[in-house]
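The values are calculated or read from the model by the stated rules, or taken from the named source; none is laboratory data. Remember, predicted model here, so these are calculated numbers, not experimental data. We place every Cβ from the backbone using ideal geometry, glycine too, and count neighbours over all the protein chains shown.
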Amino acid sequence: MSKEFVIYTDESVKRGKFYSNFYGGALVRSSQLESVQNALNHKKRELHFYNELKWQRVTENYLSKYISIIDLFFDFIANDQIKIRIMCTQNANVPTNLNSYQLEHTYHLLYYQLFKHAFGLRYANSGDFPIYLRIYLDQMPDTKAKNAQFKAHLIGLEKSIDFKDAKIRLREDQIAEVNSENHVILQCLDIILGAMQFRLNDMHKAKPKGGNRRGKRTIAKEKLYKHILARIREIYPNFNIGISTGTHEVSDKWAHPYRHWIFIPKEFKRDKSQTKGSK
């Protein structure tokens, strides 16, 4: 009678103009995983996408195809067959009093917060049976030693009060780094994550050096971002990508199919020169 959730995670820009440390997660119930994957892979073949879908590959010529597959992906999100979480930090919130360990392991410490809090897993289980997690991490850009330590910390989440109360179980052999080429859900997550960091860091305004007009690829990416935002706002009218998604009940952190989380350090100082209005 146990259940299993499959969580895919990805990370993007470490340092942006206004927002940094972008992480994304996609959660699918294992009972629905095969049908969701098959539908997305079928759509890829139908659109003649034979290579990996990536935000960096969005161009004017492929824009309509990217919109088509993202529409299918958002159909699954709207039906709560896929849950999406986007997390990042705002540069204006400057952490203070960080020790040497925190500075050295910032990447993994923030990644850990995504798993611990972003999906609201503490509210996911109202039954008497456990929920197992299968975790697919997009290949992490760090040392094997640090990555192994991070995975050990993830396993340790099972012993936290919130996870114990919700009967959330993690198994070491179910946490793996994967190649996104082989996982279409991870590819679609990359597109959403890329779109958010693109817009939050005002990359839609970028012009070629010495040029007066934006490039065709930049315009195409802005159009795809706007389409993604429109799909989000079908679920949440007036959704604001630059703030943490609100709740009416704390359980919304689990119940919502799509959420953003702007991570704020426990101790920080506000640097207004890092905000958009100051540029």
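Here Thr106 passes the criteria (1) out of contact with any helix residue (DSSP H, G or I) (no Cβ under 6 Å at 6 or more places or on another chain); (2) closer than 27 Å to Thr143 by Cβ; (3) modelled with pLDDT of 95 or more; (4) not acidic (Asp, Glu) except the one numbered (3). Of the residues making up the stretch 104-127, at least one is more than 24 Å from Glu52 (Cβ to Cβ), in contact with a His (Cβ under 8 Å, 6 or more places away or on another chain) and not in a loop (DSSP other than H, G, I, E, B).
Being without any contact (Cβ under 8 Å) to a residue 60 or more places away in the chain and part of a helix (DSSP H, G or I) is the filter here; which residues of the stretch 51-74 pass it? Those that are without any contact (Cβ under 8 Å) to a residue 60 or more places away in the chain and part of a helix (DSSP H, G or I): Arg57, Ser64, Lys65, Ser68, Leu72. Would you check if Ile192 is surrounded by 23 or more Cβ atoms within 10 Å (Cβ to Cβ), in a helix (DSSP H, G or I) and touching a residue at least 12 places away in the same chain (Cβ under 8 Å)? Criteria met by Ile192. Do we have Leu33 as hydrophobic (A, V, I, L, M, F, W, C), surrounded by fewer than 20 Cβ atoms within 10 Å (Cβ to Cβ) and in contact with a strand residue (DSSP E or B) (Cβ under 8 Å, 6 or more places away or on another chain) here? Against the criterion (hydrophobic (A, V, I, L, M, F, W, C), surrounded by fewer than 20 Cβ atoms within 10 Å (Cβ to Cβ) and in contact with a strand residue (DSSP E or B) (Cβ under 8 Å, 6 or more places away or on another chain)), Leu33 qualifies. State all residues of the stretch 160-179 that are surrounded by 20 or more Cβ atoms within 10 Å (Cβ to Cβ) and closer than 30 Å to Lys44 by Cβ; if no residue qualifies, say none. Selection gives nothing. For the stretch 230-272, filtered to residues that are without any contact (Cβ under 8 Å) to a residue 12 or more places away in the chain and over 19 Å from the mean Cα position of the chain (by Cα), the residue that is surrounded by the most Cβ atoms within 10 Å (Cβ to Cβ) is Glu249. The residue that is surrounded by the most Cβ atoms within 10 Å (Cβ to Cβ), among those in the stretch 75-109 that are of a type in the set (D, E, K, R) and touching a residue at least 60 places away in the same chain (Cβ under 8 Å), is Arg85. When the criteria are applied in full, Lys164 meets the requirement of being charged (D, E, K, R), over 18 Å from Leu33 (Cα atoms), more than 22 Å from the chain's Cα centre (by Cα) and assigned to a helix (DSSP H, G or I).
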